[in-house]
Amino acid sequence: MSELSLRCPSLGWSTRRRLMRNRAHAIARVVIRWAERSAWLILPVLVFLALTCPAAIAQNEPGRTRSPHGQLRIACQNCHTATSWKPIRPAPDFNHNETSYPLRGMHVGVDCRQCHVKLIFSNAGKQCADCHADLHRRQMGSDCEQCHTVRGWRVSLQSVQQHQNRFPLLGAHAAVDCQSCHTSAAVGVFRGLSTSCSACHLSDYRNAKSIDHQAANFPTTCEMCHTSMNSWLVAKFDHARFANFPLTGAHAQLECSNCHTNGRFAGTPADCFGCHAKDYSSALDPNHASLGFSKDCGICHTTSGWTGAKFDHSALTRFPLTGAHASLACNQCHLNNKFSGTPADCTSCHLDAYNSTTDPNHSLAGFPKDCALCHSTISWQGAVFDHSKTSFPLTGAHVTVNCSQCHKNNVFAGTPTQCSACHAADWKATTNPNHAAAGFPQDCTLCHSTTSWNGAIFDHSKTKFPLTGAHVSLQCPACHASGQFAALPATCVSCHLDKFNSTTSPNHVSAGFPQDCSLCHNTTSWAGATFNHNNTPFPLTGAHVNVACANCHLNNMFAGTPTDCYSCHSAEYKSATNPNHQAAGFPTTCQTCHTTTAWTGATFNHTWFPTSHGNARGVCSTCHTNANDYSVFVCTNCHTQAQTNSRHNGVRGYVYSSPSCYQCHPRGGGG
């Protein structure tokens, strides 16, 4: 007998794994051979193997075929009987719920062969389209479950009932069968079906009786009026949105035919006069037509009613009605029903009041005829003139002064505004100080304010001599002696000449100091005077800053003090020995080598010939062998004649001497 297959699901899984790992098909051969020794055991063993693992027998026994079901891990007897392979058991022992496709709904009663048309059960499709033909011509995709369930084709999901897409099913639409819109399921249109009302309700539009929609040229967008999804009869036209004419007041109660005569809707005028021309023409109080009133009824009337019309004088004219004007009857200003061209100036109505006024006499005083300058629309009484609108605003004590005190004899126009016009007597009578004698200007505002004459303050900063330091606290007579104010000199010595003459440390007169005290002194105090030497031709720097003045200015001599170094430092020049400045013929311009910081550390600017030349290395005596005469220098100590002769062969005028070397080599280089 050939080898037996070990793909027997009736054996335990652990047993099958162990048999497969150890090549256990050999065991099957042993079992069969063992049974052959006892003839009475062969039949029971073969029957057992056939019932428990027919695949193994079919695979290994000559003339047998493999299992037609492929890798099916259930015992054969769960479906087949020992009598024959066919027919199978009436109720196969197979739990479809343990597979990847549990049976639900109408799938439970379906015969196995309707889905498993082939014997290899694992090859059966799991998608709806594998078994069910697409009646929707791929409009809805291949996922039937988005609309249908396993309970039956006619059972729609809640999402379909709600129509959750671009056309929600509301009102009467929710109760309509799908085929009412998507006619004929086999050939019906689902994707791309128009959502406009007219797609389904065009016949309703054409057959409308209450208003002939076609004759009225109504649009086919039904939702403009038919906002309810429950009934066509509930229609409402949004007049404000679609006609740009909101229906308010009495308009809201009118029947459509009142304005839209003969079923005319398009082109209906929206202006008042279009419907109310007769009302306009027949109006007599006042006569609208003869007076040329505007045909825009909304200026005075409202949609609530014709009666109670009001004209808005503040928005529609240049003359808003305020105060007593608001309560006047129209004919008091608009005589003989004249409205257009009515003057808006005060005197056109109040000229008689202007001419008859005596307190003050407006006409005699030359008052302007613009009543609004003093009067208000509330009442003629209590007129107030706003002096701030003139060139002379009233401030301080001027505010409480009676008009007649300045405007004598009722003279208003041309009244002078300068102080002296009213206060000349005060200016002349003042003795502390005497304004007239002192030559004070007659512009009182320079010292006085409108609050009071007393407490006058003169702002010295507005003159050419601002007061600073100790000058601020001085009394005026301290400088303005004998009441002299005008033409008083502003120089220091005009007040401080005695101090200039009496000063001895130093003596300003003998020293020839200038009489401009501000050069050294400030206005805070005489003491602590400092002279700014930087303002002279000789600024102090270095050690000069800390030198006492007397060290340079001997015998208090300041003017004409020399500024050259030698004038003060001749002794240092003459006593210098390293090198000897006099013997060497050094110039007396000390600043050539020295600075004002210190005498030591002097450096000579060897402008032409480098001090680092050859063996010199900055040592002066290398070339200047005579310490008493630096004008003498020697080149031949370093440059021997043998060296120079060999290098100057053929050089015209060559002479071996130090002056000749410098003449050709002033910068120390070859040439």
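State all residues of the range 257-288 that are of a type in the set (Ser, Thr, Tyr), over 18 Å from HIS213 (Cβ atoms) and open to solvent by 50 Å² or more (accessible area, probe 1.4 Å); if no residue qualifies, say none.
SER281, SER282
So, of the residues in the range 435-465 that are under 17 Å from HIS398 (Cβ atoms) and among the hydroxyl-bearing types (Ser, Thr, Tyr), which turns out to be most open to solvent (accessible area, probe 1.4 Å)?
THR451
Let me spell it out: the conditions are (1) over 30 Å from CYS623 (Cα atoms); (2) surrounded by 14 or more Cβ atoms within 10 Å (Cβ to Cβ), and ASP498 meets all of them except one. Which number is the exception?
Condition (2) is where ASP498 drops out.
Only one of LEU193, LEU233, LEU247, LEU254 is at pLDDT below 80, open to solvent by 70 Å² or more (accessible area, probe 1.4 Å) and not basic (Lys, Arg). Can you tell me which?
LEU233
For residues that are in contact with a helix residue (DSSP H, G or I) (Cβ under 7 Å, 6 or more places away or on another chain) and surrounded by 14 or more Cβ atoms within 10 Å (Cβ to Cβ), tally how many sit in the range 510-522.
Residues meeting the conditions: 4.
Looking only at residues in the range 612-624 that are in a helix (DSSP H, G or I) and of a type in the set (S, T, N, Q), which one is surrounded by the most Cβ atoms within 10 Å (Cβ to Cβ)?
Applying the filter and picking the extreme gives THR622.
Output the residues belonging to the range 537-561 that are farther than 26 Å from CYS495 by Cβ, open to solvent by less than 80 Å² (accessible area, probe 1.4 Å) and not hydrophobic (A, V, I, L, M, F, W, C).
Listed by number, the residues that qualify are PRO539, THR541, GLY542, HIS544, HIS553, GLY560, THR561.
Within the bounds of the range 505-520, is there any residue that is in contact (Cβ under 8 Å) with a residue 24 or more places away in the chain, of a type in the set (D, E, K, R), over 24 Å from CYS444 (Cα atoms) and part of a loop (DSSP other than H, G, I, E, B)?
yes
This table checks each residue for (1) assigned to a helix (DSSP H, G or I); (2) closer than 19 Å to HIS606 by Cα; (3) β-branched (Val, Ile, Thr).
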residue: ALA543; (1), (2), (3): yes, no, no
residue: ASN555; (1), (2), (3): yes, no, no
residue: ALA559; (1), (2), (3): no, no, no
residue: HIS569; (1), (2), (3): yes, no, no
residue: LYS574; (1), (2), (3): yes, no, no
residue: PRO587; (1), (2), (3): no, yes, no
residue: THR595; (1), (2), (3): no, yes, yes
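How many residues does the range 374-421 contain that are touching a helix residue (DSSP H, G or I) at 6+ places or on another chain (Cβ under 9 Å), free of Cβ contacts under 8 Å to residues at least 24 places away in the same chain and β-branched (Val, Ile, Thr)?
Of the residues in the range 374-421, 2 are touching a helix residue (DSSP H, G or I) at 6+ places or on another chain (Cβ under 9 Å), free of Cβ contacts under 8 Å to residues at least 24 places away in the same chain and β-branched (Val, Ile, Thr).
Quick one: is ALA627 touching a residue at least 40 places away in the same chain (Cβ under 8 Å), out of contact with any Gly (no Cβ under 6 Å at 6 or more places or on another chain) and either in a helix (DSSP H, G or I) or of a type outside the set (S, T, N, Q) (or both)?
Yes, satisfied.
Does ARG137 qualify as being modelled with pLDDT under 75, surrounded by fewer than 11 Cβ atoms within 10 Å (Cβ to Cβ), over 30 Å from CYS222 (Cα atoms) and out of contact with any His (no Cβ under 6 Å at 6 or more places or on another chain)?
The answer is no for ARG137.
Quick one: in the range 331-370, which of the residues that are outside any loop (DSSP other than H, G, I, E, B), within 30 Å of PHE293 (Cα to Cα) and in contact (Cβ under 8 Å) with a residue 24 or more places away in the chain is nearest to the chain's Cα centre (by Cα)?
Taking the candidates together, the pick is THR347.
Would you check if ALA527 is under 60 Å from the mean Cα position of the chain (by Cα) and either surrounded by 13 or more Cβ atoms within 10 Å (Cβ to Cβ) or among the small types (Gly, Ala, Ser) (or both)?
When the stated conditions are applied, ALA527 does not pass them.
Which of the residues belonging to the range 406-454 are part of a loop (DSSP other than H, G, I, E, B) and at positive phi?
GLY414, GLY439
Applying the selection to the range 631-647, what residues are open to solvent by less than 50 Å² (accessible area, probe 1.4 Å) and assigned to a loop (DSSP other than H, G, I, E, B)?
Within the range 631-647, VAL634, CYS635, THR636 meet the criteria.
Output the number of the condition that ASN432 fails; it satisfies all remaining conditions of (1) surrounded by 11 or more Cβ atoms within 10 Å (Cβ to Cβ); (2) within 20 Å of ALA481 (Cβ to Cβ); (3) without any contact (Cβ under 8 Å) to a residue 12 or more places away in the chain; (4) not hydrophobic (A, V, I, L, M, F, W, C).
(1)
The values are calculated or read from the model by the stated rules, or taken from the named source; none is laboratory data. Since we're looking at a predicted model, the values are computed, not measured. Ideal geometry is used to build each Cβ from the backbone, glycine not excepted, and the neighbour counts take in all protein chains shown. Each accessible area value is taken on the protein alone, full model and side chains, heavy atoms only, with ligands, DNA and RNA left out. Shrake-Rupley method; radii C 1.70, N 1.55, O 1.52, S 1.80 Å.
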